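Working notes for the structure below.
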Amino acid sequence: MHNPGNTTPERFPARDRFADGAQFIAGRPAQGTSGRTHTVVDPATGEGVLTYELAGADDVDAAVAAAREAFPDWAGATPGERSDALHRFAAVVAERAEDFARAESLQCGKPLKLSREFDVPGTIDNIAFFAGAARHLQGQSAGEYSGDHTSYVRREPIGVVGSVAPWNYPLQMAAWKILPAVAAGNTVVLKPAELTPLTSLLFAQAATDAGLPDGVVNIVTGTGREAGEHLVGHPDVAMTSFTGSTAVGKRVAEIATASVKRLHLELGGKAPFVVFDDADLDAAVNGAVAGALINTGQDCTAATRAYVQRPLYEAFVERTAALMETVRLGDPFAPGTDLGPLVSHAHRDRVAAFVDRARAYASVVTGGEAPHGELTNGAYYRPTLIAGAPQDSEVVQAEIFGPVLVVLPFDTDDEGIALANDTPYGLAASAWSRDVYRTGRATRDIRAGCVWINDHIPIISEMPHGGYRASGFGKDMSAYSFEEYTQIKHVMYDNTAVARKDWHRTVFGDR
């Protein structure tokens, strides 16, 4: 449904704010030096909002050098000092919340209400969480495990972390990459997607303004092939953290493992949404539409495959299609807009191609087209429901990454669980039932890093996010993320003061 009466509201003055360049190195903005430019496009209008020079290898080298120089002092800071800096950081971002929201909506096409109510508050909460968590980097308690020695465990930062973030949640992904790393004492060079660098740059500036030392947080905005691969393969980068598609993740792993770097991958998803026949149908329908369409479906945890037990199947299809048709497409900055455009016209065309190919073997119940009229110039696509697709078909197995939900029936509980697990992915899933035994089984048997019960999408800073199988490995958020960004050292003290130990006889002499 089109949102009538849209005007062109105030957006974000990107050209003015980033006149000094789209790089942030050693505590200050900088121009790129690759000799090539890129234009950030407002996907709602198709108009360019910022043209900047891309980062090249020299810029990556400069950023890594700044991070390497900053590392000893930052790693040597006390947990309390790092915590205080992050508390100030949270306060600065909170003061600038509206700027962050408008910049995020401008570059991504998110409705302003999503940026204001989800992306920005979630990011502030992440900073506040890690400000506290920085003081709780604990190892195993000391003890005499051999009898003659005291052992304890140190948890130490790794060094310079080279991170690569995607375009779908630029602000939150910058936070997820930067915060656990710096809270643990590392320094970071982040490469955001060249489509959406604005909030990553604002984030780094806010960190500097909050008092984080120069070089702790650096941003290089360039292409994946040039800046990204150079960053991942850089000899002074001790760890790589990547969020993006599984296909690109394989390439990142290939480069990183060549130099035996620590590697953290959060990759694609194809989240199942399993509705048992005793579920609250109203709740399931509302949850499916919200879970499928959040961020215009550009979410690796979005509900993409609804498996509905046969007694509820027809009613679910009918009511889900009807609710999708009430969703209001419009300018992201206009009041009343529910759904904005996809991130680019090229991505919109990719999503549309999936749906068009599916017409040969499935039914497009609603949507399946770009809107006309005022929204023609934007990268919009109508909320789409597909039914009747075979389990092995492309729309069921592949990550579409758009406002498309595929619904399939199942008969037995065993079949529903088996279908939910029948893709290469395992990032997130949900199960819908009033029966605690059914939902308990779903949490045990569905192979995914997160399983929601009678809801789909909510995340919290205190809990980990990460996948199984082709969805990658390692965790973002929560104290578990410190496992990615720290290394464990065993320290062992002799307590005997004896020159010749009993075990020495295995090398020389007798007992």
Checking the conditions here, which among A448, A470 is surrounded by 16 or more Cβ atoms within 10 Å (Cβ to Cβ), under 16 Å from the mean Cα position of the chain (by Cα) and assigned to a loop (DSSP other than H, G, I, E, B)? A448
Can you tell me which residue within the stretch 28-49, out of those that are under 24 Å from the mean Cα position of the chain (by Cα) and outside any loop (DSSP other than H, G, I, E, B), is farthest from P235 (Cα to Cα)? D42
When the residues of the stretch 97-120 are filtered to those that are touching a residue at least 24 places away in the same chain (Cβ under 8 Å) and surrounded by fewer than 18 Cβ atoms within 10 Å (Cβ to Cβ), which remaining residue is nearest to A206 (Cα to Cα)? A97
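Checking the conditions here, which among V220, V285 is buried (at least 22 other Cβ atoms within 10 Å of the Cβ) and within 21 Å of the chain's Cα centre (by Cα)?
Values: V285 fails: within 21 Å of the chain's Cα centre (by Cα).
Sole residue among the options that is buried (at least 22 other Cβ atoms within 10 Å of the Cβ) and within 21 Å of the chain's Cα centre (by Cα): V220.
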Identify, please: which residue in the stretch 187-206 is touching a Lys or Arg at 6+ places or on another chain (Cβ under 9 Å) and among the aliphatic types (A, V, I, L, M) and is, among those, nearest to G109 (Cα to Cα)? L198
Please enumerate the residues belonging to the stretch 296-315 that are surrounded by fewer than 24 Cβ atoms within 10 Å (Cβ to Cβ) and assigned to a helix (DSSP H, G or I). R310, P311, L312, Y313, E314, A315
Hey, among T123, T199, which residue is touching an Asp or Glu at 6+ places or on another chain (Cβ under 9 Å), in a helix (DSSP H, G or I) and of a type in the set (S, T, Y)? T199
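No lab work stands behind these numbers, since they all come straight from the coordinates. All figures in this text were calculated on a predicted structure; none of them were measured in a lab. Don't worry about glycine lacking a Cβ; one is built from the backbone with ideal geometry, like all the others, and counts go over all protein chains shown.
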